[in-house]
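The structure appears right after this line, and notes come after that.
The values are calculated or read from the model by the stated rules, or taken from the named source; none is laboratory data. From a predicted model like this one, the values you see are computed outputs, not experimental measurements. Please note: Cβ atoms are built from the backbone with ideal geometry, for glycine as well, and neighbour counts cover all protein chains shown. Note: accessible area is taken over every heavy atom of the protein model, side chains too, but ligands, DNA and RNA are not part of it. Shrake-Rupley method; radii C 1.70, N 1.55, O 1.52, S 1.80 Å.
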Amino acid sequence: MRKFCPHKDRRAAADAGRLPHNKESKLTQSFSQPAPELATAIARHLLQTVAVDGRRANTTQLMQAVAQAARAELAQRWVQTQNRERAAKARRICYLSMEFLIGRSLGNALSALGMTGAASDTLQDHARTLEDVADCEPDAALGNGGLGRLAACFLDAMATNALPSFGYGIRYEYGMFAQEIQDGRQVEYPDPWLQDGTPWEFPRADSAYPVHFGGWVEHLNGTPIWRHAAQVVAKAYDMVIPGHGTTAVSTLRLWRAMAPAHIDLGAFNTGDYARAASTKNEYENISWVLYPNDSTPAGRELRLKQEYFFVAASIQDLLARHLDEHPSLDNLAEQVAIHLNDTHPAIGVAELMRVLCDERAMDWASAWVICTRTFSYTNHTLMPEALETWSVGLMQHVLPRHLEIIFRINKEFLEQAALHRPGDDAFLARLSLIDEHGERRVRMAHLSVVGSHKVNGVSALHSGLLVKTIFADFAELWPQRFTNMTNGITPRRWLAQANPGLAGLLDETLGTAWRLNLEQLQRLRPLQGDATFQRRFAEVKQANKQRLARFIQQHTGIVVDPHSLFDLQVKRIHEYKRQLLNLLHVVTRYLAILDNPAAQWVPRTVVFAGKAASSYHTAKSIIALIHDVAAVVNNDTRSNQWLKLVFVPNYGVSVAEILMPAADLSEQISTAGTEASGTGNMKLALNGALTIGTDDGANIEIRHNVGDDNIFNFGLSTEEVRELRQRGYHPMQYVERHPALRAVLDAIAGDRFSPQEPGRYGPLVDSLLWGGDHYLLLADYASYVATQARVDALYRQPDAWVAKAIANVAGMGPFSADRTIRDYAANIWRVAPISAAH
C-alpha cells in the first residue's frame, strides 16, 4: 500500500505567521530541553537503540531516535505522576472506550515536553527537517470516528488538567481498515500500523489478566460458579499521554489478546500446522480489528467478546490498583470513577457485580450500591436502531453468568419501577433491560442507565432530547440522573499542531495563553474589521489551501484551484450525515452551470472524506456515486473551471490535520435531531471555516457563540421534523414542486454519471422517492440550495467573509476539551487535580 505522508505539505502553511522552529511557546519554555542535551540523547539512541551510525541514519531511523528521546522524558513524567497520585491516595478516572483515535504522537509529545525547537535544530544537523521526520510515523489505528477522537481529546485534557486518569481500550493490531479507492469503489485493507513496532508503548509484563468465555453456571448451596469453557490472557501496553503546561500525564492502557498456549505443539509435530496455530488465532483475533463485520453470527460473537475482553481486563486492573492502595473494596466508589464512553463497555456493570459478589463474596445489595455509585455513562446517539443490543441466546453462549446477573438486575429494577406506575405493563416493557419483542435481546443502553449514577448527553439539544425520547421513562424515574456535557476538542492538536500558521498569528496577537485557556480567543472580536489582521489571517488560510491543493493532486491526481471556495464534508459516511444531500447540490450546481455557462459562477472545490463501514452497502454506494459524479464534472470543460469534486481517501487524524485548516465552508448538514454533538464542526470553525448546517447537535451552541450572522443555517428544526413525520411525509410532493430537484434525481438514476451501467444508482434514488427518504433530504433540499446561494454571495465579498471567519475563531472558546473535562470532573466524576510542577 502507498504510504501517506502529509507533513511534506505542512511547511508552506507554516511560513504564514508561524513561530520559527527554535521558538517555544511560553507555556513550554520552563520544560524545554536544551538542544545540546537532546542532540546527545538522539545520538545515543541512534547508536544504542536503533543500532545505526548517526552519520548514515535515514529519516525513519531519525524519527525512531527522536521518539526514543521523547519516550524517556515521558517515562520519567509517568513515574512521577504515579508516585504523586499514589502518595495522595487519589481518586481516579477510569475511562472505558472501544476507540482512542490519537493519531500521530511525535509532534504532540515534543510540544508538551518543550522539545520542538531543540529537535528541529538537531535534525537540521542531519540535513533533515522535523516535518519530514515526523512524516515517517504512522497514525495509531486505534479508532475510526468522532467517538475515538473525542476520547483522545479527553485524555489530553485530563493530563493537561492534572486529573488522575487511565484510559482503557484495545490494542488493535490492524485498526478498522485502511481505505483505498479502486475504480471509484471503497476497498478495505488491514492497517498494519504496528508492523515495525511503535516507540510510544510500554509493555507491562506484570499486568496480564485471564478473561473467560462460554461454558455454564452451576449453583452449589446458593453459590454461583461459572464453569467457563475458554480463556484468553489480556496483556497490558501503556501509552503515555502528556499534559501541556504541566508535568502531569495520563495513561492509555491498551489490552492485547494472547492465547494461553501459543501453538498446539503436538499438532505441529505431526505436520498439522493449520490446527497447531488455530487456537492461537481463535483467541488473539479478539484484538486484531476494530468493529469486525457483524453481519454474520461469527462477527457478532467476536464483537461481544471484544467488548467483554477489554472491560474484564480493565476492571481486574483497576481493582488490583485499588487494593494495592486500600485495604478493601468497600471504598471503591470513593476512590474510582468508571466512565462508559457509549454502550460498548456497558457489560462492565454486570462484570463488576460478578467480581464483587462471586469472587469477593460481597452481598448483592452492598455490591449494587458500590456499582451504581462508581459508574457513569455518556450516550452518543438518539437513534433507537443505533442503541446496542445483544441477543439473549448469544449472551447465554458467550457470557452465561453475566446474563444471570442482568436478569436479576432487571427483576429488581422492574419491581422498583412498578411502584412508580402500578399496573402499567407498557411502561415496564419500555424500561426492561430485556426487549421481549421478537428475538429477546439485552438492551445495553438500558443497562448503562440503570447501573450508573449519572448519564449525560453531549450537546444541549441532544441532552434535552434524551430525556424526551429514548430515555424519557428513565428520566421520569430519576430526573436528577441526567445531565449535559457538551463535547470539546483539544486546541493543542486541532489548532497549534494542525494549523501552525494561524497558531503563530494568535501567539503574536494574543500571547500563548489561549493554548491552555481557549476563552482567550474572544479577544479577537475587536479585530474582525482590522484590515491588517484580516490580511494576515487570509494569508494563513490561503497558504493552507495551497498546501491542501498540492496534497489533493498528489493523492488523487485532481488539480484544484486554491483560490476557489473550499467546501468540505469530512466525516464517517452515513445516511443521517447526509453526504447525499451535499451531492444533490453538487449535481444541481453542475447542471445549472451547463444551462448558463456564461454566468460568473463562484469557483468551488467540494471535498469529501470518510470511511463507510465494510458492511454498509448504502454508504459505500454513496462513495461510488461521489466518484462517478466527479469523473464527469471534473472532466467537463464547460464546468470544470467553476466546479471540482474530490474524495480524499483513508481519512484519519493526519489527513484531517491537512484538510481542516484549509476549509472555507464546513458542511454540518445532518437531519435535525440525529447528530448527538459532532466535533468536526468545532475543529473546522476553530480553523476559520464558516458552517453551513442544520440546527442539530452542537451546531446550535456554535451558532449561539459565533453569532447568527456568522453561520449559514438552513432546513427543518427538530420540532419541524417531528411534526412533518407525524402528519405524513411524502417525498414526491417535493420533487413535483422543484423541477431542478427532479432533473438532479433523473440524472443520478439514469446514465449521466454511470454510462457503462445505466441505472446503477436507481436504488439510491428509489430510497428517496419510494423508500420514505428517512432522513428528509428532499424536504431540506430547497432550503439547502438557497442557502448555498447565500454562501456564494458572501464569498464574492472577501473582506466580509474573512471578518466572519475571524468571528468563528473568536467564538470557539467554550468548545475546548479542557472546559468539558473540568465540567465532568466537577459534576460527574468528583475528581480533583493532583498538583504537579507548572
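When Lys and Arg each count +1 and Asp and Glu each count -1, what net charge do the other residues less than 13 Å away from Leu524, Cβ to Cβ, add up to? Working shown, then result.
On the way: positive: Arg523, Arg525, Arg536, Lys804; negative: Asp507, Glu508, Glu519, Asp530.
Every neighbour counted, the sum reads 0.
Could you compute how much accessible surface Lys411 exposes when probed at 1.4 Å, giving the result in Å² to the nearest 10?
120
Compute the relative contact order of the stretch 148-280 as a whole-number percentage, counting only Cα pairs closer than 8 Å that sit 6 or more residues apart in sequence. Numbers along the way, then the final one.
Details: 231 pairs, mean separation 34.7, N = 133.
26 percent.
Assuming R0 = 30 Å, what is the FRET efficiency of Asp561 and Gln733, from their Cβ-Cβ distance, to the nearest 0.05?
Details: r = 39 Å, r/R0 = 1.28.
For Asp561 and Gln733, the calculated efficiency is 0.20.
Decide, for the stretch 766-829, between rounded, prolate and oblate: order the square roots of the alpha carbon gyration tensor eigenvalues as a ≥ b ≥ c, take rounded if a/c falls under 1.5, and otherwise choose prolate if a/b is larger than b/c, else oblate.
Details: a/c = 6.10, a/b = 1.27, b/c = 4.81.
Oblate.
What do you reckon, how do Met362, Met353 stack up by accessible area (1.4 Å probe), largest on top? The partial results should precede the final answer.
On the way: Met362 30, Met353 0 Å².
Order by accessible area, largest first: Met362, Met353.
Does the stretch 396-460 classify as rounded, prolate or oblate by the C-alpha gyration tensor (a ≥ b ≥ c root eigenvalues; a/c under 1.5 gives rounded; else a/b over b/c gives prolate, otherwise oblate)? Walk me through the intermediate numbers first.
On the way: a/c = 1.58, a/b = 1.09, b/c = 1.45.
Oblate shape, in that a/c is at least 1.5 and b/c is the bigger or equal ratio.
Could you pull out every residue, at least 5 positions away or on a different chain, whose amide H is within less than 5 Å of the one on Lys454? Hs are placed 1.01 Å off N in the peptide plane, and Pro or chain starts have none.
Residues meeting the criterion, in which the H sits 1.01 Å from N, are Tyr377.
Determine how large the accessible area of Ser391 is when every protein chain is in place; take a 1.4 Å probe and give Å² rounded to the nearest 10.
20
Contour minus end-to-end for Leu510 and Asp196, with contour as 0.36 nm per residue of separation and end-to-end as the Cα-Cα distance?
108.9 nm
Whose amide H sits under 5 Å from the amide H of Ser207, counting only residues 5 or more places off or on another chain, with H placed in the peptide plane?
Ala236
Apply 1/(1 + (r/R0)^6) to the Cβ-Cβ distance of Glu359 and Val187, taking R0 = 51 Å, and write down the FRET efficiency to the nearest 0.05. Kindly include the intermediate steps, with their values, before the conclusion.
Details: r = 46 Å, r/R0 = 0.91.
The computed FRET efficiency comes out at 0.65.
Calculated from the structure, Cα extents along the principal axes in Å equals which of (i) 84, 67, 59; (ii) 141, 83, 61; (iii) 88, 72, 63?
Computed from these coordinates, Cα extents along the principal axes in Å corresponds to label (iii).
Shape of the stretch 488-548 from its Cα gyration tensor (a ≥ b ≥ c, root eigenvalues): rounded if a/c is under 1.5, otherwise prolate when a/b > b/c, or oblate? Let's see the in-between values first.
Working: a/c = 2.08, a/b = 1.08, b/c = 1.92.
Cα axes put the stretch 488-548 in the oblate bin.
Quick one: order Thr223, Thr509, Thr588 from most to least accessible surface, probe 1.4 Å. Don't skip to the end; give the middle numbers.
Working: Thr223 75, Thr509 50, Thr588 20 Å².
Of Thr223, Thr509, Thr588, the descending order of accessible area is Thr223, Thr509, Thr588.
Net charge near Arg421, counting Lys/Arg +1 and Asp/Glu -1 over other residues with Cβ under 15 Å of its Cβ?
-4
Quick check: at a probe of 1.4 Å, how many percent of the accessible area of the stretch 189-317 sits on carbon and sulfur atoms?
Values: 2950 of 5460 Å².
That fraction is 54 percent.
Which pairs in the list Lys683/Lys804; Lys541/Lys611; Lys468/Lys571; Lys235/Lys305; Lys280/Lys620; Lys577/Lys804 are over 23 Å apart, alpha-carbon to alpha-carbon? Don't skip to the answer; put the middle values down first.
Working: Lys683/Lys804 16 Å; Lys541/Lys611 26 Å; Lys468/Lys571 28 Å; Lys235/Lys305 16 Å; Lys280/Lys620 33 Å; Lys577/Lys804 25 Å.
In this structure, Lys541/Lys611; Lys468/Lys571; Lys280/Lys620; Lys577/Lys804 exceed 23 Å between Cα atoms.
Per the 1.4 Å probe, what fraction of the accessible area of the stretch 351-417, in percent, lies on carbon and sulfur atoms?
On the way: 1340 of 2510 Å².
Exposed carbon and sulfur together represent 53 percent of the surface.
Mark the label point 7 Å from the Cα of Arg796 along Cα→Cβ and return the residues of the stretch 530-568 whose backbone N is within less than 17 Å of it.
564-565
Show the residues, 5+ positions off or on another chain, whose built amide H is closer than 5 Å to the amide H of Glu675.
Gly697
State the extension gain, in nm to one decimal, for the chain segment bounded by Glu282 and Arg535, taking 0.36 nm per residue of separation less the distance between their alpha-carbons. Can you show the working numbers first?
Details: separation 253, 0.36 × 253 = 91.08 nm, distance 5.98 nm.
Here the answer is 85.1 nm.
Using a 1.4 Å probe, what is the accessible area per residue for the stretch 66-116, in Å²?
Details: 1340 Å² over 51 residues.
Heavy-atom SASA per residue in the stretch 66-116 reads 26 Å².
Karplus couplings for the stretch 55-68 from phi (6.51 cos²θ - 1.76 cosθ + 1.60, θ = phi - 60°), rounded to Hz, Gly and Pro as x?
6, 10, 5, 8, 5, 5, 5, 5, 4, 4, 5, 4, 4, 5
What number, rounded to the nearest 500 deg cm²/dmol, is the helix-based mean residue ellipticity at 222 nm of the chain, given -39500 (n - 2.57) per DSSP H run of at least four residues and division by all its residues?
That comes out to -14000 deg cm²/dmol.
Contour minus end-to-end for Asn83 and Ala127, with contour as 0.36 nm per residue of separation and end-to-end as the Cα-Cα distance?
Details: separation 44, 0.36 × 44 = 15.84 nm, distance 4.02 nm.
Roughly 11.8 nm would be gained on extension.
Per the 1.4 Å probe, what fraction of the accessible area of the stretch 783-826, in percent, lies on carbon and sulfur atoms? All intermediate terms of the calculation are to be shown ahead of the outcome.
Values: 810 of 1390 Å².
Whole-percent figure for carbon plus sulfur exposure: 59.
With every protein chain kept in the model, how would you rank Glu575, Glu701, Glu85 by accessible area, 1.4 Å probe, largest at the top? Mind dumping the intermediate values first?
On the way: Glu575 65, Glu701 35, Glu85 5 Å².
Most to least solvent-accessible, the answer reads Glu575, Glu701, Glu85.
Over the chain, what is the relative contact order in whole percent, taking alpha-carbon pairs under 8 Å and six or more residues apart?
Working: 1581 pairs, mean separation 122.4, N = 838.
Across the chain, relative contact order equals 15 percent.
Over the chain, what is the percentage of antiparallel beta bridges among all DSSP beta bridges, to the nearest 5?
Working: 36 of 81 bridges.
If I count the DSSP bridges inside the chain, around 45 percent turn out antiparallel.
Taking only protein heavy atoms into account and a 1.4 Å probe, give the accessible area per residue of the stretch 451-608 in Å². Please list the in-between numbers first.
Numbers: 5140 Å² over 158 residues.
Accessible area per residue, the stretch 451-608: 33 Å².
Tell me the per residue accessible area of the stretch 630-768 using a 1.4 Å probe; a whole number in Å² is fine.
Details: 4820 Å² over 139 residues.
Roughly 35 Å² per residue, with all protein chains present.
What accessible area, in Å² to the nearest ten, does a 1.4 Å probe give for Asp823?
50
Counting Lys and Arg as +1 and Asp and Glu as -1, what is the net charge of the other residues whose Cβ lies under 13 Å from the Cβ of Val602? Walk me through the numbers on the way to the answer.
On the way: positive: Arg589, Arg604, Lys644, Arg790, Arg796; negative: Asp561, Asp567, Asp664, Asp792.
Value of the local net charge: +1.
Using r as the Cβ-Cβ distance of Thr372 and Glu218, and R0 as 25 Å, what FRET efficiency do you calculate, to the nearest 0.05? Kindly include the intermediate steps, with their values, before the conclusion.
Details: r = 28 Å, r/R0 = 1.12.
Result of the calculation: an efficiency of 0.35.
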